[in-house]
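Note sheet for the following structure.
The values are calculated or read from the model by the stated rules, or taken from the named source; none is laboratory data. Given the structure is predicted, the values throughout are model-derived calculations rather than measurements. Because the Cβ atoms are built from the backbone with ideal geometry, glycine has one as well, and the counts that use them run over all protein chains shown.
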Amino acid sequence: MNIWIIMIIIMALSFIVQQMLQSRFNKYSQVGLPNGMSGAEVAQKMLHDHGIYDVKVVPTRGMLTDHFNPQTKTVALSEGVYASRSVAAAAVAAHECGHAVQHAYGYAPLRLRSALVPVVNFASNIVQWVLLAGVIFINTFPGLLWFGIILFAMTTLFSFVTLPVEINASSRAIGWLTQSGITDGQTRPMAIDALKWAACTYVIAALGSLATLFYYIGLAGRRD
């Protein structure tokens with residue numbers, strides 16, 4: 001199948017997944033938790049239930065800007081999650097705390113991803129310019145394009161290493177939400193559904209990165 005057709009399909013899937021994710025979170029943001037806990041309270045309880053007391057739960061601006069920062073040991077929850085008492089907020093908060101649990105327990109894929117961060121940050125800052133220059137000067141400096149491909153391959157590798165990290169964090173979140181009784185028979189499937197679509201965004205991103213990598217390899221291969 002032509003690489004352009006594959007990339008168009010991936011772009012279409014990415015759009016669909018993003019729309020489904022937004023739709024699910026908007027829907028489940030209107031459904032309250034049985035116990036009425038806020039996202040911040042859910043996060044704090046999950047951390048403490050796993051014996052983690054040195055990680056703070058803090059609010060952060062923006063939408064879906066939630067993240068765990070191992071350097072500052074903080075779980076940052078966005079405005080729509082921190083104070084919200086919805087199923088969506090609980091799912092997001094538990095997922096981010098899943099990363100904190102991974103860090104505390106030394107989860108191997110997370111350690112690998114953390115080790116790749118400095119290299120990927122460097123590659124991400126210059127890769128597009130190197131690839132552009134490589135395409136323009138492909139007949140004069142063919143090695144430049146291959147250098148860009150190596151840089152882009154690092155970002156692609158990072159995307160695939162991220163997959164088990166994110167999927168495992170969601171699995172930990174769902175398991176804890178179930179065991180702790182935060183969700184019940186009615187709200188548990190909603191939390192699972194929300195996190196499932198969130199995980200799909202990482203899968204699509206990884207596939208898109210891989211398709212782009214193959215495109216540039218094919219371009220350089222035709223020159224050789």
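Quick check, is Leu219 under 30 Å from Ser23 (Cβ atoms) and either surrounded by fewer than 16 Cβ atoms within 10 Å (Cβ to Cβ) or not β-branched (Val, Ile, Thr) (or both)?
On the way: under 30 Å from Ser23 (Cβ atoms): no; either surrounded by fewer than 16 Cβ atoms within 10 Å (Cβ to Cβ) or not β-branched (Val, Ile, Thr) (or both): yes.
Against the criterion (under 30 Å from Ser23 (Cβ atoms) and either surrounded by fewer than 16 Cβ atoms within 10 Å (Cβ to Cβ) or not β-branched (Val, Ile, Thr) (or both)), Leu219 does not qualify.
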Can you work out which of the residues in the stretch 107-124 that are hydroxyl-bearing (Ser, Thr, Tyr) and modelled with pLDDT under 95 is farthest from the chain's Cα centre (by Cα)?
Ser124
Set Ala104, Ala100, Ala153: member being under 20 Å from Gly208 (Cβ atoms), at pLDDT 95 or above and either out of contact with any Asp or Glu (no Cβ under 7 Å at 6 or more places or on another chain) or among the β-branched types (Val, Ile, Thr) (or both)
Ala153
Residue count, the stretch 32-57 (criterion: of a type outside the set (Asp, Glu), closer than 19 Å to Ala91 by Cβ and surrounded by fewer than 17 Cβ atoms within 10 Å (Cβ to Cβ))
5
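Condition (residue is closer than 27 Å to Val75 by Cα, in a helix (DSSP H, G or I) and under 24 Å from the mean Cα position of the chain (by Cα)) applied to the stretch 207-217: is it met by at least one residue? Don't jump to the end; show me each part of the working.
Step one: list which residues in the stretch 207-217 are closer than 27 Å to Val75 by Cα, which gives none.
No, the stretch 207-217 contains no residue that is closer than 27 Å to Val75 by Cα, in a helix (DSSP H, G or I) and under 24 Å from the mean Cα position of the chain (by Cα).
Going by what's in this entry, would Val135 be described as touching a helix residue (DSSP H, G or I) at 6+ places or on another chain (Cβ under 8 Å), free of Cβ contacts under 8 Å to residues at least 60 places away in the same chain and either loosely packed, with under 15 Cβ neighbours inside 10 Å or over 30 Å from Ala43 (Cα atoms) (or both)? Reasoning before the result, please.
Details: touching a helix residue (DSSP H, G or I) at 6+ places or on another chain (Cβ under 8 Å): yes; free of Cβ contacts under 8 Å to residues at least 60 places away in the same chain: no; either loosely packed, with under 15 Cβ neighbours inside 10 Å or over 30 Å from Ala43 (Cα atoms) (or both): yes.
When the stated conditions are applied, Val135 does not pass them.
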